[in-house]
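The values are calculated or read from the model by the stated rules, or taken from the named source; none is laboratory data. Predicted model, so just to flag it, every value in this text is computed and none were measured. Every residue, glycine as well, gets a Cβ built from its backbone with ideal geometry; the counts of neighbours run over all protein chains shown.
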Amino acid sequence: MAGVTKRSTRELALGFGAGYAVAEMLSAKGYLYSPMNRAAGSILKSAPSDRLTGLQLFGSEPELVGEAAARLSDAGFDFIDVNMGCPAPKIAKNGEGAALMRDPRLAARVLRAAVRASRLPVGVKIRSGWDAASVNAPEFAAMAEAEGVSLIVIHARTRDQYYAGRADWRVIRDVRAAVNIPVAGNGDVRSGADALRMIGETGCDGVMVGRGALGNPWVFQEIACALRSEPAPAPPSARERIELAIRHLGMEVEAEGERVAVPEMRKQIGWYLSGVRDGARYRERINRMASYEEVVAELRECLSINERAGP
């Protein structure tokens, strides 16, 4: 979710009913070596929120992760989330992210350092394992609990799967049985019904939604209603989708400035336009635009066409 879970995205998710949100990944080493770099600055200046928000750290050197966790304990976040599930090649090739699933002893040292140094609760995000032949999430989760971690988030795919195929929720069930701390399941939750089914099948304490929320923060409202046994809200209309895209763009322009925000928001606007009449055509045109005014005018034109066409 790099480049996606900025403060604006998190605030929208929280506003639609998410219980908590997690910031983009921050490299422990990168932060310590260059605390004023753009990536760190963007993530850290976005911390303040009146809702529960986590800071996501990654790294494979225990001393550096511990030092970063200590320094960042007062950055305005509510907990530290150590990422040991990212499958990206540029992360894994450095022995970080999901690569740590292959080295539980090193992972234990990293978590121990983070827990001991942080003045905040520490959680960990993991995958089922590295590949189908090494599904070790239950044992890994038990190790994490022993090191003092307060929350396990398990994406029920192996690193080799990336985001393909179906998530194997049985692994979430096995992780839940292996530990006594809260477990959140992740993978293939795109609706309130999915969330209820995951909780029912696995016994997990909550669900984490990633790709299912891209351009669709309404999913959190739907899940919240499902958990309260209330009727699902109506799907968002074209007007609601387009107006939220405009609002989201404005939030990012205010936070990052037009030059940075407009290019970075193109993909998110494309997600908002999914399922909207002529959305693909307008997405293609917006992808060539660099100014806030141009993009908003294009979105308003798309809205006008949808409203003239009717339901």
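Points to keep in mind about this one:
- Meets criteria (of a type in the set (Gly, Ala, Ser) and within 23 Å of residue 115 (Cβ to Cβ)) for residue 137: yes
- Test: residue in the range 100-119 that is over 29 Å from residue 18 (Cα atoms), in contact with a strand residue (DSSP E or B) (Cβ under 9 Å, 6 or more places away or on another chain), modelled with pLDDT of 95 or more and surrounded by fewer than 23 Cβ atoms within 10 Å (Cβ to Cβ): yes
- Exactly one residue out of 300, 241, 277 is in contact with a helix residue (DSSP H, G or I) (Cβ under 9 Å, 6 or more places away or on another chain), farther than 26 Å from residue 2 by Cβ and modelled with pLDDT of 95 or more, and it is 300.
- Some residue of the range 134-145 being of a type in the set (Phe, Trp, Tyr) and in a helix (DSSP H, G or I): yes
- Within the range 234-308, helices (runs of 4 or more DSSP H) holding 1 or more residues that are buried (at least 19 other Cβ atoms within 10 Å of the Cβ) and polar (S, T, N, Q): 258-272
- Members of the range 156-206 that are small (Gly, Ala, Ser) and part of a helix (DSSP H, G or I): 177, 178, 192, 193, 195, 200
- The one condition in (1) surrounded by fewer than 19 Cβ atoms within 10 Å (Cβ to Cβ); (2) closer than 22 Å to residue 126 by Cβ; (3) modelled with pLDDT of 90 or more that residue 52 fails to fulfil: (3)
- On the stretch given as the range 63-88, residues that are farther than 21 Å from residue 136 by Cβ and either part of a helix (DSSP H, G or I) or among the small types (Gly, Ala, Ser) (or both) total 13.
- The condition (being of a type outside the set (S, T, N, Q), modelled with pLDDT under 95 and at negative phi) is satisfied by just one residue among 176, 197, 211, 157: 211.
- For first residues located in the range 61-74 and more than 24 Å from residue 104 (Cβ to Cβ), partners that are at pLDDT 95 or above and surrounded by fewer than 16 Cβ atoms within 10 Å (Cβ to Cβ) and lie 6+ apart or on another chain with Cβ distances below 8 Å form the pairs 73/119; 74/119.
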